[in-house]
Structure formats: C-alpha cells, structure tokens
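The values are calculated or read from the model by the stated rules, or taken from the named source; none is laboratory data. Everything numeric in this text was worked out from a predicted model, so none of it was measured. Reconstructed Cβ throughout: ideal geometry from the backbone, glycine too, with neighbour counts over all protein chains shown. These accessible areas exclude ligands, DNA and RNA; they are computed on the full protein's heavy atoms, side chains included. Shrake-Rupley method; radii C 1.70, N 1.55, O 1.52, S 1.80 Å.
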Amino acid sequence: MTVNQQTGFPTVSNVNVGVQLRVTPTIGDDGGITAEFHPEYSEIIGFNASFPIIANRKVDAVLRVRDGETIVLGGLFEDTSSETISKLPFLGDIPILGQFFRNKATARQRDEVVFLITLIFSTRTGLKAAIDAHYPLLSVQKETRTATYVVWW
C-alpha cells in the first residue's frame with residue numbers, strides 16, 4: 001500500500017501468489033492436442049517497507065499429446081538452507097570458552113512442485129462422459145466446447 005502524494009489517499013494493489021497454471025490447448029486434425037503450459041509457483045518470503053518480497057518459480061513448455069494421455073510437468077525446485085545459533089547470554093560471547101555455551105543447528109529443505117495433467121477432448125455433450133470414464137470420482141462443474149484439463153497437485 002502506498003500513499004498518493006497529490007491526493008493523500010492510499011493506493012492498494014493486489015498480488016497473486018500460490019500455484020497458478022495457464023493452459024492453452026490446440027486440437028489438430030489428427031486428434032492430437034498441442035498445449036502450451038505456463039505453471040508458476042510464487043510465495044511471499046518477506047516484506048520491505050510494507051511491500052511484499054515475492055519468490056517466483058516458473059517454467060514454460062509446449063507439449064503434444066493424444067486425447068486422454070497424462071502429462072507430468074515438473075522442474076519447479078526450491079532448495080533452502082538455514083542456520084540457527086542459540087547461546088546463553090554473556091557466556092556464549094566469551095571468545096574461547098563461549099563455544100561451550102553455544103549451539104549451532106543447520107537445516108536443509110528441498111521441495112518440488114509437480115503437475116499431473118490429463119487433457120481430454122470432447123464435444124459439449126460428451127464431456128461429462130469422457131471425464132467420468134477417466135476419473136469416476138471427479139464431478140464436472142464447467143463444460144467447454146473444445147478441450148478441458150484436469151489438474152492434480
């Protein structure tokens with residue numbers, strides 16, 4: 001949030017964070033699906049003068065698949081290392097003997113975001129039947145004329 005110097009009113013802007021996936025499918029004459037995938041994972045890692053510091057992980061891919069095939073899209077890695085030092089007040093600050101009153105712990109965390117995507121092509125009336133055949137527990141809430149995607153994470 002910033003304050004407009006001319007009017008004195010605050011200006012607020014929204015920032016989208018979290019898991020986002022944009023898919024643009026194109027269906028060929030042979031029934032194959034060419035899809036552009038733009039997955040992104042972003043998170044707020046801190047603040048600088050009330051502005052968020054955002055870490056982004058992105059990857060872009062263009063893949064060609066057949067109807068009903070599942071795509072595994074990964075590569076959004078994050079590797080975090082941290083070091084924590086705890087000590088007794090005053091005793092941990094003594095130059096040589098202070099090491100006996102200190103504890104140093106290191107931690108490493110590595111994670112990856114992986115998308116499992118199944119592209120299904122069907123007409124508007126056959127979409128629910130096509131999805132039910134692949135995923136019987138999934139309920140369809142929205143129908144499209146060309147293609148739809150199912151994302152699991």
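A few comments on the model shown:
- Using the Cβ of Gly92 as centre and a radius below 11 Å, the other residues enclosed give a net charge of +2, where K and R count +1 and D and E count -1.
- Phi-based couplings in Hz for segment 98-114 (Karplus 6.51, -1.76, 1.60; Gly and Pro marked x): x, 5, 6, 10, 10, 10, 10, 10, 10, 9, 10, 10, 10, 9, 9, 9, 10
- Accessible-area composition of segment 36-129, carbon plus sulfur, in percent [1.4 Å probe]: 56
- Counted charge near Gly75, where neighbours are those whose Cβ lies closer than 14 Å (Asp, Glu -1; Lys, Arg +1): -3
- Relative intensity, log₁₀ I(q)/I(0), of segment 32-77 from a Debye sum that treats every alpha carbon as a point, q = 0.24, 0.29 Å⁻¹: -0.87, -1.04
- Residue-count net charge about Tyr41 - beta-carbon cut-off 10 Å; Lys, Arg +1, Asp, Glu -1: -3
- The HN-Hα couplings worked out from phi for segment 29-38 by the Karplus form 6.51 cos²θ - 1.76 cosθ + 1.60 (θ = phi - 60°) are 5, 7, x, x, 10, 9, 10, 9, 10, 9 Hz, whole numbers, x standing for Gly and Pro.
- Rg ratio (alpha-carbon, reference 2.2 N^0.38 Å) - segment 1-70: 1.76
- Over segment 12-119, the fraction of Cα-Cα pairs per 10 Å bin, rounded to whole percents and listed from the shortest bin up, is 11, 26, 21, 18, 12, 7, 4, 1.
- Karplus-derived HN-Hα couplings along segment 78-94 (A = 6.51, B = -1.76, C = 1.60, θ = phi - 60°), whole Hz, x at Gly and Pro: 9, 10, 10, 10, 9, 10, 10, 10, 10, 8, 7, x, 6, 5, x, 8, 5
- Shown here for segment 25-111: trypsin sites (Lys or Arg not before Pro) in loop regions (DSSP other than H, G, I, E, B) with at most 12 other Cβ atoms within 10 Å, namely Arg66.
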